[in-house]
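The values are calculated or read from the model by the stated rules, or taken from the named source; none is laboratory data. Computed from a prediction, not measured in an experiment: that's the story for all the values here. Glycine also receives a Cβ, built like all others from the backbone with ideal geometry; neighbour counts cover every protein chain displayed. All accessible areas refer to the heavy atoms of the entire protein, side chains included, with ligands and DNA or RNA removed. Shrake-Rupley method; radii C 1.70, N 1.55, O 1.52, S 1.80 Å.
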Amino acid sequence: HDALPILAAQIEAQVAAGGFRTDDLATVLIGANDIFELYAQYPGLTEEVLLAQARDRGRRAALAVNRLVALGAKVIVSDLPDLGLTPYARQQNTLTGDSKRSALITRLTSAYNEQLGVNVVLDGRFVGLMQAQLRFQAISLALNGFGFTNDTEAVCTEALPECTTSTLITEGSASGYLWADETHLSPGGHSQLATLAIDRARRNPF
């Protein structure tokens, strides 16, 4: 579903509660559900149409970030991890008999990220852009270098949010597996996002 109305509602709720101060730091990461929703419409809708819609949603996400800046907040905004690398995307290659489905999901992710990146306020005093897509692509190429042992399988045997360290697959690890389920990151994956966010917050001239 379109995540933008949810983000807009959260912003307006904060405005109603007193707004933002110049030393407030907001973090934004949205769009994964949008990409999976768009992909689910293929091949009923062509790739060209879906890419255009992904770009539009990325652009509108950037406008929401820009509104946060206009309201006085500093913002750390993340682009999307490469969703073509999720267990869900890999399974689509097999389930559909089309080995290029995961690549399509990657292209949708890239289209969204591209418009997010070029439409946010391009001023490091106000916005810090995390490049999660590049980080998770790097992880897929060098798992051990980032402390992971598996990036193709889900580690949870129970649906989120009921999954705990007691409900993992045999030999599974919350830190060693990248994905909790077919589309959601594990604690280890979220740790990677946190590292990116902290580094960007420290490096940007906020």
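Expressed as a whole number of Å, what is the distance separating the alpha-carbon centroids of the range 115-191 and the range 20-98? Measuring centre to centre over Cα atoms gives 15 Å.
Quick one: net charge of ALA197's neighbours, Cβ under 13 Å, K/R +1, D/E -1? That works out to +3.
Charge dipole of the chain (Cα centre as origin; +1 on each Lys and Arg Cβ, -1 on each Asp and Glu Cβ, all else neutral): 760 debye, rounded to the nearest 20. Among the protein heavy atoms of the chain, carbon and sulfur supply 53% of the accessible surface, probe 1.4 Å, non-protein parts ignored.
The angle between the Cα long axis of helix 132-141 and the longest principal axis of the Cα atoms of the chain comes to about 30 degrees, rounded to the nearest 10. Neighbours of ASN150, meaning other residues whose beta-carbon lies under 14 angstrom from its beta-carbon, give a summed charge of -4 when Lys and Arg score +1 and Asp and Glu score -1. In degrees, nearest 10, range 0 to 90: what is the angle between the Cα axis of helix 47-70 and the longest Cα principal axis of the chain? The answer is roughly 40 degrees. Beta bridges from DSSP with both residues in the chain: antiparallel share about 15 percent, rounded to the nearest 5. Rg/Rh, computed from the Cα trace of the chain with Rh as the Kirkwood radius, has the value 0.98. Computed with a 1.4 Å probe over protein heavy atoms only, the accessible surface of the chain comes to 50 Å² per residue.
Charge tally around ASN93: other residues with Cβ under 11 Å, Lys/Arg +1 each, Asp/Glu -1 each, net +2.
For ASP34, ASP199, ASP181, write out the residues from largest to smallest accessible area, computed with a 1.4 angstrom probe and no ligands counted.
Details: ASP34 0, ASP199 65, ASP181 40 Å².
Listed by decreasing accessible area, they come as ASP199, ASP181, ASP34.
With a 1.4 Å probe rolled over the protein heavy atoms of all chains, the accessible area of ILE169, ILE76 falls in the order ILE169, ILE76, largest first.
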